[in-house]
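Report on one structure; see the data block that follows.
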Amino acid sequence: MPTKEDLAIAKQMPDAGGHFGDFGGRYVSETLMAALQQLEQTYEKLWRDPQFQAEFDYDLAHYVGRPSPLYHAERLSAELGGAQIYLKREDLNHTGAHKVNNTIGQALLAKHTGKPRVIAETGAGQHGVATATVAARLGLECQVYMGIEDVRRQALNVYRMKLLGAEVIAVESGTRTLKDAMNEAMRDWVTNVDNTFYIIGTAAGPHPYPKLVRDFQAIIGREARQQCLAQTGKLPDALIACVGGGSNAIGLFHPFIEDADVRMIGVEAGGYGIETGQHAAPLSAGEPGVLHGNRTYLMSDDAGQIIGTHSVSAGLDYPGVGPEHSYLKDIGRAEYVAINDDEALDAFRRLTQVEGIMPALESSHAVAEAIKMAPTMDKDQILLVNLSGRGDKDIHTVAEIDGIVV
Amino acid sequence: MSRITECFDKLKSQGRKALIPYVTAGDPGPKVTLPLMHAMVESGADILELGIPFSDPMADGPVIQLACERALLHGTRLVDVLDIVAQFRETDKTTPVVLMGYLNPIEVMGYAVFAEKASAAGVDGVLTVDLPPEEAVEFNQLMKAANIDVIYLLAPTTEEERVKQVCAAGSGYVYYVSVKGVTGSASLNVAEVAEKLEMIRRHTDLPVGVGFGIRDDESARAVSEVADGVIVGSVLVNKIAELSGNQEQIPEAVAAITASMRQAMDK
Ligand SMILES: Cc1ncc(COP(=O)(O)O)c(C=O)c1O
């Protein structure tokens, strides 16, 4: 167990070089170093600037619709007969997921740096949509890289991005999912670094991205902490969030780091089961390595090649994870578990039927963990689950599994 | 003195520039690389850059991405690459060999184990695209102890202050990336490169190799007038791809390209 001092240190991470203990850092080719240093300087200056903060807060309130509610899922809690489940409703944000908190922030940075073009990588398409949305609003040119496998699974979001004026570039290299989209976005950035701002969609990548994405997403945890105190008079017993690259989870966790009694549980994609090797759970079953600009837990083979992942949910289908999660795991502050495809699908249906809330398949992983944990706990205990996005985009996938064509 | 430094010193005394071809190890088959290395040396290559195949070559364009895929298809691992170098060293004791690749395969092997094995195999230098000097303190120490040069990249975007730091961390030579972009992308502008090299040379005595964007005899010749070394990759890898159905023809066909560049550079 980390001590009080350990937690105080953890709260202050990363160091000046972007390291979270042994993880993080800036592992990129030389061409990008200047751009990353510039981004770091711009960010550090603006983040302390009250005017920038006011702009950010204004957009979150009037464009995104914050604060998002904290909802007591009474019927689900009663059915499970244990802990009370509270849902942090990021699904109610404009564009339907937490991703927009970050794209609003990064778009403001892009605006201040004067770059006319933004690029993004996307898996489920939620980050792509959130990027296309802010680009439309600011009149920026926008190109989104997406693995061709995800273009197929998330056709609705692809069309949404096109309607918003973005160009979606289908990536056919490698495993044709999120990691390959990120490779291609990095290649674009190296080539067009003078006029392009790269809006990374999760709390990963080279410093300062893991830090700034976390800071933009930490609004989730700050609101949730306050709402939970206001509604229940105490802090939750545990936080639960799904972990793809880790942005919604770190956004929820970070404001609670020093609340040592609040457990933090990150839920990775167990795919067909950890034992099958067909999953996307680097914290549960990977080893430290270096990919996409940071040192972190990774899924690679014993020769250091990145291995293919599987998850029913495109947004979790990624072999790495944000470095702060690797750190929180190693110091023992956060716990990471895996939920398989079928458990997530069950949770998707159950929350829809019992509460009338259709969660994204990503978020369904967090809901599934809550469904497992609640019955083992007392009725006066609280599980606070981050409902990172809504499930409309996944209806296609679920229907396909049901053998229905919509 | 390292083989790399010796090589540049010798060339300098002869008034010549280094020709440095790059190929991906194990592309397209496990048996091609060794005879290809010897053929390139015979045709006038001074230093060989041997790519370590990686599943996610983020700084490479489609040509070298596909080379990695072909090499990985039959499972070329870092240990296999080191094996190829060891075999090469059985008959060639003088030509420097530089491994070029991404960090994760080395990270997974472990820096210390890699340093020991690479040194034993006869590797002279290592260039890790995604390991800038800021993150390389421990790596540098271990490589230095194993007498392996650590070669760093400089880019058009690298500012003067940083050029100093990067050059101070490296040894053997520095590799100037002549264009903003991935390997095999745009053509380079020799005048711009010359200007940048002048600035770089104010901060280091290390030889400067220039790569990215050298596609033919003419660009090789033009770059050799301003740089100490000419690094050529995608053109060769393209030829290898073309002949992947006739692998026995690869050494001769690639050597024909390097021979012609050699001639153009020595004119
Ligand atoms: C709704 C939703 N939740 C979660 C994720 C996973 O990303 P992260 O782990 O960065 O929150 C995604 C990614 O696409 C998403 O769309």
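A few comments on the model shown:
- Residue within segment A:322-331 that is more than 12 Å from the ligand (Cβ to nearest atom) and more than 24 Å from A:TYR209 (Cβ to Cβ) present: no
- Some residue of segment A:161-180 being touching a Pro at 6+ places or on another chain (Cβ under 8 Å) and hydrophobic (A, V, I, L, M, F, W, C): no
- All positions within segment A:280-315 that are of a type outside the set (S, T, N, Q), away from every other protein chain (no Cβ under 12 Å) and open to solvent by less than 10 Å² (accessible area, probe 1.4 Å): A:ALA280, A:ALA281, A:PRO282, A:LEU283, A:ALA314
- The lone exception for A:GLN143 - which of (1) within 16 Å of the ligand (Cβ to nearest atom); (2) away from every other protein chain (no Cβ under 14 Å); (3) buried (at least 18 other Cβ atoms within 10 Å of the Cβ) it fails: (1)
- If you go through segment B:140-159 and keep only what is within 11 Å of another protein chain (Cβ to nearest Cβ) and surrounded by 20 or more Cβ atoms within 10 Å (Cβ to Cβ), you end up with B:TYR152, B:LEU153, B:LEU154, B:ALA155, B:PRO156, B:THR158.
- A:ILE257 more than 16 Å from the ligand (Cβ to nearest atom) and open to solvent by less than 20 Å² (accessible area, probe 1.4 Å): yes
- Identification of helices (runs of 4 or more DSSP H) wholly contained in segment A:124-170 with 3 or more residues that are modelled with pLDDT of 95 or more yields A:126-138, A:155-163.
- Scan segment A:244-254 for residues that are in contact with a Leu (Cβ under 7 Å, 6 or more places away or on another chain) and either near the ligand (Cβ under 7 Å from one of its atoms) or within 14 Å of chain B (Cβ to nearest Cβ) (or both) and the total you get is 1.
- Residues in segment B:83-110 that are within 14 Å of B:ALA121 (Cβ to Cβ) and within 12 Å of chain A (Cβ to nearest Cβ): B:ILE106, B:MET109.
- Residue in segment A:61-83 that is within 12 Å of the ligand (Cβ to nearest atom) and in contact with a strand residue (DSSP E or B) (Cβ under 6 Å, 6 or more places away or on another chain) present: no
- Test: residue in segment A:104-121 that is within 12 Å of the ligand (Cβ to nearest atom), in contact (Cβ under 8 Å) with a residue 24 or more places away in the chain and crowded, with 24+ Cβ neighbours inside 10 Å: yes
- Any hit, segment A:64-72, residues being over 30 Å from A:PRO236 (Cα atoms) and open to solvent by 10 Å² or more (accessible area, probe 1.4 Å): no
- Residues of segment A:194-206 classified as within 14 Å of another protein chain (Cβ to nearest Cβ) and open to solvent by less than 10 Å² (accessible area, probe 1.4 Å), total: 6
- Strands (runs of 3 or more DSSP E) lying entirely in segment A:1-92 (those with 1 or more residues that are closer than 30 Å to B:PRO156 by Cβ): A:23-27
- The numbered conditions (1) away from the ligand (no atom under 15 Å from the Cβ); (2) over 30 Å from B:ALA136 (Cα atoms) are all true for A:HIS207 except (2).
- Residue list for segment A:353-362, restricted to those being more than 15 Å from the ligand (Cβ to nearest atom) and open to solvent by less than 50 Å² (accessible area, probe 1.4 Å): A:VAL354, A:GLU355
- Test result for A:LYS211, buried (at least 24 other Cβ atoms within 10 Å of the Cβ) and either within 14 Å of chain B (Cβ to nearest Cβ) or touching a residue at least 40 places away in the same chain (Cβ under 8 Å) (or both): no
- Every residue from segment A:171-182 that is assigned to a helix (DSSP H, G or I) and free of Cβ contacts under 8 Å to residues at least 40 places away in the same chain: A:ASP180
- The residues of segment B:13-49 that are of a type outside the set (A, V, I, L, M) and in a helix (DSSP H, G or I), listed by number, are B:SER13, B:GLN14, B:THR33, B:PRO35, B:HIS38, B:GLU42.
- Matching residues in segment A:16-41 - criterion: being surrounded by fewer than 17 Cβ atoms within 10 Å (Cβ to Cβ) and over 22 Å from the mean Cα position of the chain (by Cα): A:ALA16, A:GLY17, A:ALA34, A:GLN37, A:GLN38, A:GLN41
- The residues on offer are A:LEU87, A:LEU164, and the sole one that is open to solvent by 40 Å² or more (accessible area, probe 1.4 Å) and either under 27 Å from A:TYR318 (Cα atoms) or not assigned by TED's automatic domain parsing to the domain that holds A:SER364 (or both) is A:LEU164.
- Any pair with Cβ under 7 angstrom, 6 or more apart, that starts in segment A:370-395 at a residue that is within 16 Å of the ligand (Cβ to nearest atom) and assigned to a helix (DSSP H, G or I) and ends at one that is β-branched (Val, Ile, Thr) and open to solvent by less than 10 Å² (accessible area, probe 1.4 Å): A:ALA370/A:ILE85; A:ALA370/A:ILE240; A:ALA370/A:VAL385
- Some residue of segment B:94-106 being open to solvent by 30 Å² or more (accessible area, probe 1.4 Å) and on the phi < 0 side of the Ramachandran plot: yes
- Some residue of segment B:111-118 being more than 21 Å from B:THR183 (Cβ to Cβ), at the interface with another protein chain (Cβ under 10 Å from one of its Cβ atoms) and surrounded by fewer than 19 Cβ atoms within 10 Å (Cβ to Cβ): no
- The lone criterion from (1) outside any strand (DSSP E or B); (2) under 21 Å from the mean Cα position of the chain (by Cα); (3) of a type in the set (A, V, I, L, M, F, W, C); (4) surrounded by 24 or more Cβ atoms within 10 Å (Cβ to Cβ) left unmet by A:VAL190 is number (2).
The values are calculated or read from the model by the stated rules, or taken from the named source; none is laboratory data. Since this is a predicted model, take the numbers as computed values, not measurements. Note that each Cβ is placed from the backbone with ideal geometry, even for glycine, and that neighbours are counted across all protein chains shown. Quick note on the areas: whole protein, heavy atoms, side chains included, nothing else; ligands and nucleic acids left out. Shrake-Rupley method; radii C 1.70, N 1.55, O 1.52, S 1.80 Å.
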